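Values quoted throughout were computed directly from the atomic coordinates according to the rules given, and no laboratory measurement underlies them. All values derive from a computational prediction rather than experimental measurement. Here the Cβ positions follow ideal geometry from the backbone for every residue, glycine too, while neighbour counts run over all protein chains shown.
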Amino acid sequence: MVSVMLPLAAAEQYNTSQRDANIPPPFTPPLSARCQNLPPKPPAPLLSSNERLFFGQHENNMADVVVKPQVGGGGGIVIDDDWPGYSLDLFSYPAHYSGDLDCVVVPHGVIMDRTERLARNIMDDLGDHDIVVLCVLKGGYQFCVDLVDKIKALSCNSNRTLPMRVHFIRLKSYLNDLSTEDLHIVGAEDLSFLAGKNVLIVEAIVGTGKTMKALLKHVESFSPKLIKVAGLLVKRVPHNSTCLPDYVGFEIPDRFVVGYALDYNEYFRDLNHICVISESGKTKYKI
Ligand code: HPA
Ligand code: MG
């Protein structure tokens, strides 16, 4: 039996106020099998908690919805730049991707556990109000399905309920592992049915935040009552915008990740864990 210490529990307890107060993060125990050749990166913390702006913050004009500040973990579980990832040998994954991945960054089970908690936070904030879930395809489909499932479970098993309608829009801005300047919004031409509605945008990954800002501007033009954003992953990129999703799963280093519906040229959506793609994987699927 292989036994590993999981640093995520410690990382979850390492909250943003500790980080803002310059308290060092918890020690990450070394693993025998590591993700090789990761370039050393200086820590690049995102904004301190009192500097943080949330995407939907300015829209929070609903007199009947009280959004409580989240206690700890508001910026998500922080995965440090020097976290080497889990060896692929510790997990199962499709054989057709063998050699195409460097390591597992977030195992599927951890994604599910974190999503369950995000669902609870969303229920606490928005429960008993109707919402329209706006799923950002294609990368957001798996997170959206699982988040909606967890909210449904809470609606069945608690004394609160959250009626949801689900709508899909598609964005495309990446070729290979590079962001292109063009943002294409497909299927979002007429969102006029959002007028006066509470909207929860569900997105898999937020990098610089430019894509999300453009989408928010588009959605805002249809005059919804409230907009909140749930992002499974937020990348610590050099020019991170000042806006963060209201609900964040994980804050991750600036590396190209795949799996859990995130793709590289349409491959790797059929992988359960969130992984770092290898150089040979990039070459194999390059277009
Ligand atoms: N992986 C897949 N899609 C993405 C990423 C990523 O790291 N960043 C932005 N879109
Ligand atoms: Mg993509």
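Annotation: amide H-H contacts under 5 Å for I277 (H modelled 1.01 Å from N, sequence separation of 5 or more, or interchain): D102, V258.
For I287 and K210, FRET efficiency with R0 = 25 Å and r from the beta-carbon atoms, rounded to 0.05? The pair K210/I287 has a calculated efficiency of 0.65. Straight-line cross-link reach from K284 at under 22 Å between alpha-carbon atoms covers these lysines, not counting any fewer than eight positions away in the same chain: K138, K172.
Counting 0.36 nm for each residue step from D128 to F193 and taking away their Cα separation leaves a gain of 21.4 nm.
Residues in segment 140-151 carry Karplus couplings, in order, of x, 5, 5, 4, 5, 4, 5, 5, 4, 4, 5, 5 Hz; the curve used is 6.51 cos²θ - 1.76 cosθ + 1.60 with θ = phi - 60°, and Gly or Pro positions show x.
Reported to the nearest whole Å, the Cα centre-to-centre distance from segment 95-163 to segment 189-205 is 17.
Working note: Karplus 6.51/-1.76/1.60 with θ = phi - 60° gives segment 79-84 the couplings 9, 5, 4, 8, 5, x Hz, where Gly and Pro are set to x.
Can you give the FRET efficiency for T161 and V237, using 1/(1 + (r/R0)^6), R0 = 25 Å, r = Cβ-Cβ distance, to the nearest 0.05? The value I calculate is 0.10. Residues whose amide H falls under 5 Å from that of F168, counting only those 5 or more places apart or on a different chain, are C135, with hydrogens built in the peptide plane. Using a simple spin-label model with pseudo-atoms 7 Å out from Cα toward Cβ, N265 and E116 lie 3.9 nm apart. Rounded to 0.05, the FRET efficiency of the E279 and S223 pair, given R0 = 51 Å and the Cβ-Cβ distance, is 0.65.
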